[in-house]
Amino acid sequence: MSTVDLSYQIRQQILQDKSEIERLMGLGFAPSHAGRAIWRLRYGDAIEDLSLVADANGQLLGSIRYWPILIAERPSILLGPLAVDPSVRGKGIGVALVQQSLALAQTGQWEWCFISGEPEYYLKFGFNPVSYDDITLPAHIEPERLHLLPLVSARPDAMPEKPWPIMPMSTDAPTDAPIDVEPAQQITGEC
């Protein structure tokens with residue numbers, strides 16, 4: 001992509017966006033990204049209402065998706081992946097996608113938002129670092145990448161003692177799928 005008009009609209013993803021989203025993922029992440037441990041929580045379909053794209057007249061500049069999870073048996077969401085075309089990275093598209101999608105998440109039934117991502121990127125949105133003293137996961141993820149954000153419906157006072165288990169919302173989620181638990185090279189700071 002050489003010259004891009006940075007006028008874009010943020011809209012909900014549609015089925016026809018699939019190939020463009022895959023293109024963005026290929027530009028922004030190493031091929032091993034889909035084998036990372038975090039994918040053990042991304043089971044089933046992404047949450048349609050929260051999964052957005054930045055659309056510049058039919059060309060996608062960015063994409064964000066969310067997945068339903070449970071945190072200590074509370075309905076919650078997993079943010080990611082967030083992908084922005086490298087030619088427009090640093091222009092605020094990823095920030096706009098995160099802000100708008102989190103604003104939507106605040107109006108829903110979700111209590112918490114979890115991310116495995118770059119600390120310097122996600123802390124500015126209000127995410128707080130968590131450790132394995134705070135949570136348990138179905139597979140190991142680098143502890144410096146773990147962050148949690150309470151949403152409007154969160155009731156921290158009603159949560160059980162830590163560590164809180166984080167798992168896919170679906171009871172049909174496979175627990176024995178092979179995954180790459182080694183840190184994968186990530187090309188972008190957005191996941």
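What follows draws every value from the coordinates through simple rules; no lab data is involved. Nothing here was measured: the structure is a model prediction, and the numbers come from that model. Neighbour counts are summed over all protein chains in view; Cβ atoms, including those assigned to glycine, are modelled from backbone coordinates with ideal geometry.
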(request) Please give, to one decimal in nm, the separation of the simple spin-label points placed at residue 140 and residue 6, each 7 Å out from Cα toward the Cβ. (result) 4.1
(request) Determine the shape class of the range 9-168: with a ≥ b ≥ c the square roots of the Cα gyration tensor eigenvalues, call it rounded for a/c under 1.5, and otherwise prolate if a/b is greater than b/c, oblate otherwise. (result) prolate
(request) Quote the relative contact order of the range 9-168 in percent (integer), defining contacts as alpha-carbon pairs under 8 Å separated by 6+ residues. (result) 23
(request) Starting with the highest mean, order 11-17, 162-168 by the number of other Cβ atoms within 10 Å, averaged over the residues of each peptide. (result) 162-168, 11-17
(request) Can you tell me which of 147-160, 113-126, 69-82 comes out highest on packing, and rank the rest after it, using the mean Cβ neighbours within 10 Å? (result) 69-82, 113-126, 147-160
(request) Straight distance only, please: which lysines reach the Cα of residue 124 with their own Cα at less than 17 Å, same-chain residues fewer than 8 apart left out? (result) 91
